[in-house]
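**Student:** Mind having a look at this structure? Questions to follow.
The values are calculated or read from the model by the stated rules, or taken from the named source; none is laboratory data. If you're wondering where the values come from, they're calculated on a predicted model, not measured in any experiment. Cβ sites come from the backbone with ideal geometry, for glycine too, and all protein chains shown count toward neighbours. Note: areas computed on protein heavy atoms with side chains; ligands, DNA, RNA excluded. Shrake-Rupley method; radii C 1.70, N 1.55, O 1.52, S 1.80 Å.
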Amino acid sequence: MAKTGTTTQGLRAAIERSGYYPALVAEAVEAAVGGEPIASYLVHQETTFDANEVRRHVTVLVLTSTRFIVSHTDEQNADTSSPTPYATTSTESVKLGRISSVVLSRVVANPESYTPGTLPREVVLTIGWGAVSRIDLEPAACGDPNCDADHGYTGNSTADDLSLRVSEAGDGPETVRQALAFAQALSEATAATR
């Protein structure tokens, strides 16, 4: 479930409502934010199924006046490295000026009768700041169907350091609204730094 808002107390309450190791997650996020005022945040807890295991993780996105902070916490079962279950929490702090793209993909039902303001049934927020890039290559070809020359490769490079998907069916309509609000706040903040 995603939560969004603008205060430190609201952020802590949203982390606690997620129910996912709230003391651990809150401590990591609050350490990364420091004393900087919070402009907006989004807390998204997700459950996935991996073979015969149920895995949970939480992503917390925080926007301040100067930084975008992303925190991610995963739980792991006991394995060869640890005899007991454990969780891994990581935080990354990115200067707003480093964010190169904020992509918001909206999925709407019945687009032929779409009414402005109608809530999308799903949104995917993709944020790029240059830490991770994906390169998709394929053999290049010319328009001649009989040509067997080597034309090298063609492709594209996409920055997608973070991709977060929320849906009305899985997360509820309020979560979709909250993701839209955070995406707008982040887009406006990055535009102001250029």
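**Student:** Could you please let me know if R165 is modelled with pLDDT of 90 or more, under 30 Å from A23 (Cβ atoms), under 15 Å from the mean Cα position of the chain (by Cα) and open to solvent by 50 Å² or more (accessible area, probe 1.4 Å)?
**Tutor:** In short, yes.
**Student:** Just to be sure before I move on: is E75 of a type outside the set (K, R) and either open to solvent by 60 Å² or more (accessible area, probe 1.4 Å) or in contact with a Phe, Trp or Tyr (Cβ under 6 Å, 6 or more places away or on another chain) (or both) in the structure I sent?
**Tutor:** No: the conditions fail for E75.
**Student:** Continuing with the same structure: Suppose we filter segment 171-194 for residues that are open to solvent by less than 60 Å² (accessible area, probe 1.4 Å) and either out of contact with any helix residue (DSSP H, G or I) (no Cβ under 8 Å at 6 or more places or on another chain) or hydroxyl-bearing (S, T, Y) (or both); how many remain?
**Tutor:** Here the count works out to 14.
**Student:** Quick one: in segment 19-31, which of the residues that are in a helix (DSSP H, G or I) and open to solvent by less than 20 Å² (accessible area, probe 1.4 Å) is nearest to L180 (Cα to Cα)?
**Tutor:** V29
**Student:** Let me ask something additional. With the requirement that a residue be out of contact with any His (no Cβ under 8 Å at 6 or more places or on another chain), of a type outside the set (D, E, K, R) and open to solvent by 30 Å² or more (accessible area, probe 1.4 Å), what does segment 32-46 give you?
**Tutor:** Those that are out of contact with any His (no Cβ under 8 Å at 6 or more places or on another chain), of a type outside the set (D, E, K, R) and open to solvent by 30 Å² or more (accessible area, probe 1.4 Å): G34, G35, P37, A39.
**Student:** May I ask you to say which residue of L119, L125 is in contact with a Lys or Arg (Cβ under 7 Å, 6 or more places away or on another chain) and outside any helix (DSSP H, G or I)?
**Tutor:** That would be L119, the only listed residue that is in contact with a Lys or Arg (Cβ under 7 Å, 6 or more places away or on another chain) and outside any helix (DSSP H, G or I).
**Student:** Please identify the pairs in which a residue from segment 163-187 that is acidic (D, E) has its Cβ atom under 7 Å from the Cβ atom of a residue that is surrounded by 17 or more Cβ atoms within 10 Å (Cβ to Cβ), counting only partners at least 6 apart or on another chain.
**Tutor:** Pairs that qualify, where the first residue is acidic (D, E) and the partner is surrounded by 17 or more Cβ atoms within 10 Å (Cβ to Cβ), are E168/E122; E168/V176; D171/M1; D171/A2.
**Student:** Quick check on this structure: which one of Y153, Y114 is over 25 Å from V25 (Cβ atoms), loosely packed, with under 15 Cβ neighbours inside 10 Å, aromatic (F, W, Y) and touching a Leu at 6+ places or on another chain (Cβ under 7 Å)?
**Tutor:** None of the other options fit; the residue is Y153.
**Student:** Quick one: which residue in G117, G130 is of a type in the set (G, A, S) and either more than 23 Å from S167 (Cα to Cα) or touching a residue at least 60 places away in the same chain (Cβ under 8 Å) (or both)?
**Tutor:** Going through G117, G130 in turn, just one is of a type in the set (G, A, S) and either more than 23 Å from S167 (Cα to Cα) or touching a residue at least 60 places away in the same chain (Cβ under 8 Å) (or both): G130.
**Student:** Of all residues in segment 128-142, count the ones that are modelled with pLDDT of 70 or more and either open to solvent by less than 50 Å² (accessible area, probe 1.4 Å) or not in a strand (DSSP E or B) (or both).
**Tutor:** 6
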